[in-house]
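Here is the structure we will look at, set down as structure tokens.
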Amino acid sequence: MSDVQAPRIDGERQWQSHMEMAKIGATPGGGVCRLSLSDEDKISRDLFVSWAKKAGCHVRVDRVGNIFMRRLGAELDLPPVMTGSHLDTQPLGGRFDGAYGVLAGLEVVRALNDAHIRTRHPLEIVIWTDEEGCRFTTKTMGSAVFAGLRPEADVLDGVDPDGIRFGDELVRIGYAGPEPCGGFPIKAYFENHIEQGPILENEGLPVGVVLGAQGQRAFQITVTGEEGHAGTLPMNLRKDAFLGAARMADALNAVAFNHEPWPVITVGHVRVRPNSRNTIPGQTVFTIDSRHPDADTLAAVKAEMIAVCEGIAANMGLELDVLETNYSAVATFDAELVQSIREAAARWDLPCRDMFSGAGHDACKIAEVAPTAMIFVPCKDGVSHTEREDATPEDLAAGTQILAQVMLDAAEAV
Ligand code: GLV
Ligand code: MN
Ligand code: MN
């Protein structure tokens, strides 16, 4: 633990910025829709960058649109202490998933500025591009390229369901930057996030110290049958691709219960061609999201999932194409940074507990190239990826206070 106490952060100022940000893409149900590289994503980036510049940060954008906002250190060449998250959301997402992590970083910089505290190492806030992965092929795109886990060209050439190319959208919204992706050292990376589960709320704790995250495998499944007239083709002569996909979704759900503890398996996105009331569906494309804390179980689940889909396709005379769109290894965070979070929580008298993340985060990618840890705060009823997602200003402030302390400890006050 360092000798220097971080300044008290301004929870009210952080909340005001949060509510300002939540207006961009606000949905009637109280949530947010800021799909990656949409107009709303651009407006939220512009707003955040204007705040960061006002706080004295130097801004760089890399070739996949990750935005780095640096508060210079006393020694210019030292690696930064970095924090951040994402501003893109689910189609019916909440106000806090992602936005909290970048706004917490901004509040740390603002509080250090107010207190006239300088650090040896630079501090850097980062907005990662396309964490959510619900528009283009997969998730944590920007951080995966930064960490060298996914080729840049792969991401730029990805298309959304309307065939719009990621790289073209990046240019359109003005965030195709000149900087190469990654390739510079980071002293420490921290990410604040709402828990997205019920543990902290149930235990009445303001802070979770995150030890790591479960692994994930995602797939795109294409089922091809044959279109036909809904009124004329007898039931026994049909090759209904949607019916096949529906049977697969049910069988995939059952796979989860073959393992202990249960993996989570979700079919969340479905496209039916031609999607007409009176045409038998000729093709159906759907996604599978599967997760488990143990890598071997996750591999076994993959094999079982493919086998059940193949069985159903064969029985129904349908063609099947399986594409693995994402693999995220089980993440383990840095023991020293994790300990620094526990110590900061004790110093600020904030009760906390160790925990694992069920959700994926940019931190899981950055953990592959830099010492990384995460700080969780409670969210109401443990829900996320819904307009109902909620968190209190006090809990958000508590997590940011810890972030201020661990960033200052790592960056060394001068
Ligand atoms: C991100 O939100 C994820 O866990 O899929
Ligand atoms: Mn998130
Ligand atoms: Mn999310």
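The values are calculated or read from the model by the stated rules, or taken from the named source; none is laboratory data. Bear in mind the structure is a predicted one, so any value in this text is a computation, not a measurement. Note that we place each Cβ from the backbone using ideal geometry, even for glycine, and neighbour counts take in every protein chain shown. What goes into the accessible areas is simple: the full protein's heavy atoms, side chains included, and nothing from ligands, DNA or RNA. Shrake-Rupley method; radii C 1.70, N 1.55, O 1.52, S 1.80 Å.
Things worth noting here:
- Residue count for segment 353-378, restricted to those that are farther than 25 Å from PRO185 by Cβ and either away from ligand 3 (no atom under 14 Å from the Cβ) or over 16 Å from the mean Cα position of the chain (by Cα) (or both): 6.
- Residue count for segment 55-96, restricted to those that are within 16 Å of ligand 2 (Cβ to nearest atom) and open to solvent by 10 Å² or more (accessible area, probe 1.4 Å): 4
- Of all the numbered requirements in (1) in a loop (DSSP other than H, G, I, E, B); (2) open to solvent by 10 Å² or more (accessible area, probe 1.4 Å), THR138 misses one, and that requirement is (2).
- Residue within segment 385-393 that is buried (at least 24 other Cβ atoms within 10 Å of the Cβ) and either modelled with pLDDT under 95 or under 28 Å from LYS139 (Cα atoms) (or both) present: yes
- SER290 outside the structural domain of ASP160 (by TED's automatic domain parsing) and within 16 Å of ligand 1 (Cβ to nearest atom): yes
- Of all residues in segment 361-377, those being within 14 Å of HIS193 (Cα to Cα) and either open to solvent by 10 Å² or more (accessible area, probe 1.4 Å) or not assigned by TED's automatic domain parsing to the domain that holds GLY98 (or both) number 1.
Yes/no matrix, rows are residues, columns are (1) more than 23 Å from the chain's Cα centre (by Cα); (2) away from ligand 2 (no atom under 16 Å from the Cβ); (3) in contact (Cβ under 8 Å) with a residue 12 or more places away in the chain:
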| position | (1), (2), (3) |
| --- | --- |
| ALA188 | no, yes, yes |
| VAL210 | no, no, yes |
| GLU226 | yes, yes, yes |
| LEU237 | yes, yes, no |
| PHE242 | yes, yes, yes |
| LEU252 | yes, yes, yes |
| GLY268 | no, no, yes |
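- Residue match in segment 112-127 (condition: open to solvent by less than 10 Å² (accessible area, probe 1.4 Å) and in a helix (DSSP H, G or I)): yes
- Residue tally, condition surrounded by fewer than 20 Cβ atoms within 10 Å (Cβ to Cβ) and under 13 Å from ASP62 (Cα atoms), over segment 168-180: 7
- If the condition is being more than 13 Å from ligand 1 (Cβ to nearest atom), under 19 Å from GLN401 (Cβ atoms) and not in a helix (DSSP H, G or I), then segment 88-111 contributes no residue at all.
- Filtered residues of segment 185-229 (kept if open to solvent by 60 Å² or more (accessible area, probe 1.4 Å) and over 30 Å from ASP381 (Cα atoms)): PRO185, LYS187, GLU226, GLU227, HIS229
- Considering the conditions (1) open to solvent by 40 Å² or more (accessible area, probe 1.4 Å); (2) outside any loop (DSSP other than H, G, I, E, B); (3) of a type outside the set (S, T, N, Q), ALA345 is excluded by exactly one of them, (1).
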